[in-house]
Amino acid sequence: MAANLPNSGPISGLLAHGVGHGGVAQVLRTVRKHLSMDVAFVSHFRELDRVLEHVDCDGFAPIHEGQAIPLEDGYCLKIVRGELPELIADTSRVPAAMAMPETQAIPIGAHLSVPIQLATGEVYGTLCCFSREPNLTLGDRDLSLLRALGEVLASRIDEELLTSRQKQAVADQIRSAIATGAPRMVFQPIYSLEGDCMAGAEALSRFDVEPRRAPDVWFNAAHEAGAGMELELCAIEHALVALHLLPEPLSLSINTSPELLLSGRLEPQLEGLDVSRVVLEVTEHAAVADYAPLLRALAPFRERGARLAIDDAGAGYASMRHILNLHADVIKLDMSLTRDIDTDSHRRALAKGLIAFAHEIGSTITAEGVETESELEALRAIGVDKVQGYFLSTPKSLDEILLAARRTSTVWRRTPI
């Protein structure tokens, strides 16, 4: 068989039928014990070498997981090419095997190996096992078992490679959108209820390219495809243009993920800027496995005066964990809590509790999604500090928000802009 070798990545994403990373290890262990072999492994062929992606052994093994071996060395490629048989019960009876240095060095007394062939005809690598001593009990049934397992692995790898290619296509789409200038930034005014005046603006992303999707769908897709931080950084770079133009003391709120904060890639973006006017918004929905590293990542920004907001509070269970562990300066009530707060006593009671808690710990409350005057007055009555929403103002272009900012010396007096 001629080897047509793929350049695709490892099989760590195998999921179906329990054949994930742990499932592959269990398969190898079962095969090794059933066939009375000392070592079993899966190798992945690359252009110049093969990588041992999974290794199971009984005691000390002469090979290890992650090891890269020149492609021409060893049994694997020779078996795929048909230069060695797939089943060798006794290497001493196969001159081609005895001529190989590995046979004596390891040593290898018996060896079974089958290609892992994908649906495209490409050979991903091999499923192999060997023992240090000959094993004359090995026969066609054992080889058939190994071939069947090789086919199962090939099927799962096909699924993983399809997913990988789909992710790559999405990542390419994201980068193409960035190259055309996306995302376009708009700015939604944030108003202080103390004095009824504009206090700042939140930068929001809009996408004017195909496919037409909501901003959160674009960002979620980008993160799943591995291009999330690129898109976030691009949006922040576009948003920060407004910071230079907004008159003091108006603030600029920008959205950021824990992943970006932990990466260290945000700091260069904010270098040399007056971050005392920047509010970093971390969404309630963002997963945080360990808060200590995130607090350390936030420290340099907060030392320079930046504030931290927890977005979408009240939308799910994670918000209180974020608020408690990250010591938020601003807590933003999600629109699902703001909606109908004037008529829904349960929403109002929950919001009052969050407001009391926020003020007790020295944080302020901003209510999002205000759509009616009665909602606004209900929020004012229970002590909300700031508000934003379509009743007050739709998101504005940069020129429009700057025009609104120039009127900050005149109180807003509940007149939507």
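The values are calculated or read from the model by the stated rules, or taken from the named source; none is laboratory data. Keep in mind that what you see is a predicted model, and the values were worked out from it rather than measured. Here the Cβ is made from the backbone with ideal geometry for all residues, glycine too, and neighbour counts use every protein chain on show.
On inspection, Leu14 qualifies as assigned to a loop (DSSP other than H, G, I, E, B), closer than 19 Å to Arg156 by Cβ and either modelled with pLDDT under 95 or under 30 Å from the mean Cα position of the chain (by Cα) (or both).
When Ala313, Ala378, Ala351 are checked against the criterion of being crowded, with 16+ Cβ neighbours inside 10 Å, closer than 27 Å to Leu243 by Cβ and either at pLDDT 95 or above or not basic (Lys, Arg) (or both), Ala313 stands alone in meeting it.
Among the residues making up the range 336-373, those that are of a type outside the set (D, E, K, R) and on the phi > 0 side of the Ramachandran plot are Gly362, Gly369.
Based on this model, can you work out whether Arg206 counts as surrounded by fewer than 16 Cβ atoms within 10 Å (Cβ to Cβ), modelled with pLDDT of 95 or more and touching a Pro at 6+ places or on another chain (Cβ under 7 Å)?
Working: surrounded by fewer than 16 Cβ atoms within 10 Å (Cβ to Cβ): yes; modelled with pLDDT of 95 or more: yes; touching a Pro at 6+ places or on another chain (Cβ under 7 Å): yes.
In short, yes.
Listed by position, the helices (runs of 4 or more DSSP H) inside the range 63-105 whose residues that are of a type in the set (A, V, I, L, M) and assigned by TED's automatic domain parsing to the domain that holds Arg132 number at least 3 are 76-81, 95-98.
How many of the residues in the range 93-117 are of a type in the set (A, V, I, L, M), buried (at least 16 other Cβ atoms within 10 Å of the Cβ) and modelled with pLDDT of 95 or more? Let's see the steps before the verdict.
Taking the range 93-117 as the starting set, the residues that turn out to be of a type in the set (A, V, I, L, M) are 94, 96-100, 105-106, 108, 110, 112, 114, 116.
If we keep only those that are buried (at least 16 other Cβ atoms within 10 Å of the Cβ) as well, we get 94, 97, 100, 106, 108, 110, 112, 114, 116.
If we keep only those that are modelled with pLDDT of 95 or more as well, we get 94, 97, 100, 108, 110, 112, 114, 116.
So the answer is 8.
Scanning the range 348-365 for residues that are in a loop (DSSP other than H, G, I, E, B) and of a type in the set (Gly, Ala, Ser) gives Gly362, Ser363.
I'd like the full set of residues that are among the hydroxyl-bearing types (Ser, Thr, Tyr) and under 19 Å from Ala199 (Cβ atoms), limited to the range 220-277. Lay out the reasoning, then the answer.
Of all residues in the range 220-277, those among the hydroxyl-bearing types (Ser, Thr, Tyr) come to 251, 253, 256-257, 263, 276.
Answer for the range 220-277, where residues must be among the hydroxyl-bearing types (Ser, Thr, Tyr) and under 19 Å from Ala199 (Cβ atoms): Ser251, Ser253, Ser276.
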